[in-house]
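One structure is given below, encoded as structure tokens.
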Amino acid sequence: MVGMDMSEKRKKEEIRRESTKGNKGLLMRQAFWGILVLVSLLVMFVMGIFAIRGAQKGQRDAELSYAASDMQGSAGNGKGIAADGPGKTLSGDGTAQSEPGKMLPEGGNSEEKPGRTLSEGKEAGDGSGKTLSGDKSSEADPGKALTEGRETGDGSGKTPSGNQEAEDGPAEDGDVQEEEDADTDAPVIAMTFDDGPYTKVTNRIVDVLLEYGAGATFFVVGSRIDTYSDTLKRVYESGFEVASHTWSHKNLNKLSEEEILKELSDTVEKLNTYVPVGDVLLRPPYGSANETVRALAGTSLINWSLDSQDWKSRDADAIIAHVLATVKDGDIILMHDLYECTAEAVEYLVPELTARGYRIVSVSELFCRKGIPLEEGILYRNPWDSY
Ligand code: ZN
């Protein structure tokens, strides 16, 4: 019995020991796995944080580059249309006055054209904060452009839903161009350059227009012609339309009939001593042309529907952003071959607008393509808006 007891006891003891050992092993294993899980969680947590940070940074980078490309693409929705750019000046030898610094904005006509409001409501630059390139011209621009547009709205008013059309137009164009009559369906715009010639700027503009087979109209100031006759000849011989911006860039509304006629005829005469243009279109300085002026013009008067505001911003990025944000089919774009920033902007805009499907032409060709005859004594802002 005792022997049995002993051996049984020993067995039990062994079993007990065994199970204790087992328990210990189990505990250790559990602890091990527990720690492993904790460590894994910790690692995952840390990695998670880095992943989120990385993603945020990526997003930020993406936004930045969007902003950068946006600057070239769109931005300020300045709805504007303002006065014909720089005014005053230009007289005498033309050279000194051509200095941009001396120019005054041709705002004169804002008051003279009632009832032509811009569709303000639209809130500022749809480029909202998207700004322009990383440089100085950034943030402020889109909003600023709008304000300016509203303030200056001059004669050319009515840029109806310019924005939307601008975005839609070229997009549709892709399909349209495949159709048989691509030419008549493609959006067409006229580029116009006032206040020149001014060799170092005009030549750059002519270069890029030629490179892309684009047209344009140059509204020349008569008193500058002798000084810049070589440039005028180059413009003409390159196939661009040459037109009149009067002799001395005065507000025609403030002149006597005799003075008005002299401003016009002196310019046409002088032009024809260098290039055989015959009669030419007229862009009244500041876009100002009352009934008397229109009656005396003896030709069609051409204002604009899109003011690049180069005379105001004097900044290529701002000009580009404003034009691309508002351009639409049939626009007559006002620019000045006086500022280097304008040449810089044109060097970007011509290829860009061409890539977007726009045909860039002279004023006369724009009206021809749209089937609208230009009539004497009528002032046009675009083919469908005149008085
Ligand atoms: Zn002008």
If you check Leu255, Leu232, Leu296, Leu306, which single one turns out to be open to solvent by less than 10 Å² (accessible area, probe 1.4 Å) and over 16 Å from Met191 (Cβ atoms)? Leu232
Looking at the range 229-252 only, could you name the residues that are touching a strand residue (DSSP E or B) at 6+ places or on another chain (Cβ under 8 Å), part of a loop (DSSP other than H, G, I, E, B) and within 13 Å of the ligand (Cβ to nearest atom)? His245, Thr246
Quick test of your reading of the structure: Thr342 fulfils all but one of (1) under 13 Å from the mean Cα position of the chain (by Cα); (2) open to solvent by 10 Å² or more (accessible area, probe 1.4 Å). Name the failing condition by number. (2)
Pairs needed: first member in the range 204-224, charged (D, E, K, R); second member anywhere, at pLDDT 95 or above; C-beta distance under 6 Å; at least 6 residues apart or different chains. Arg204/Ala343
If the requirement is being touching a residue at least 40 places away in the same chain (Cβ under 8 Å), out of contact with any Cys (no Cβ under 9 Å at 6 or more places or on another chain), closer than 27 Å to Trp384 by Cβ and of a type in the set (A, V, I, L, M), which of these qualifies: Leu301, Leu338, Leu296? Leu301
How many of the residues in the range 257-288 are away from the ligand (no atom under 16 Å from the Cβ) and of a type in the set (Ser, Thr, Tyr)? 3
Subset of the range 329-339 (residues that are over 13 Å from Arg204 (Cα atoms) and open to solvent by less than 10 Å² (accessible area, probe 1.4 Å)): Gly330, Asp331, Ile332, Ile333, Leu334, Met335
Residues that are under 16 Å from Leu209 (Cβ atoms), out of contact with any helix residue (DSSP H, G or I) (no Cβ under 9 Å at 6 or more places or on another chain) and hydrophobic (A, V, I, L, M, F, W, C): list the helices (runs of 4 or more DSSP H) wholly contained in the range 286-378 that include at least 2 such residues. 363-370
Out of Gly287, Gly278, report the one residue that is out of contact with any strand residue (DSSP E or B) (no Cβ under 7 Å at 6 or more places or on another chain) and free of Cβ contacts under 8 Å to residues at least 24 places away in the same chain. Gly278
Of those in the range 253-285 that are part of a helix (DSSP H, G or I) and among the basic types (Lys, Arg), the residue nearest to Phe219 (Cα to Cα) is Lys270
Just one of (1) under 29 Å from the mean Cα position of the chain (by Cα); (2) more than 28 Å from Tyr358 (Cβ to Cβ) trips up Val201, so point out which. (2)
Could you list all residues from the range 185-218 that are within 13 Å of the ligand (Cβ to nearest atom) and of a type in the set (Gly, Ala, Ser)? Gly196
Leading residue by the ranking (most open to solvent (accessible area, probe 1.4 Å)) among those in the range 235-252 that are more than 21 Å from Asn203 (Cβ to Cβ) and not small (Gly, Ala, Ser): Lys250
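The values are calculated or read from the model by the stated rules, or taken from the named source; none is laboratory data. Source: prediction; values computed, not measured. Counting neighbours? That spans all protein chains shown, and the Cβs are built from the backbone with ideal geometry, glycine included. Remember, those area values only see protein heavy atoms, side chains included, never the ligands or the DNA or RNA. Shrake-Rupley method; radii C 1.70, N 1.55, O 1.52, S 1.80 Å.
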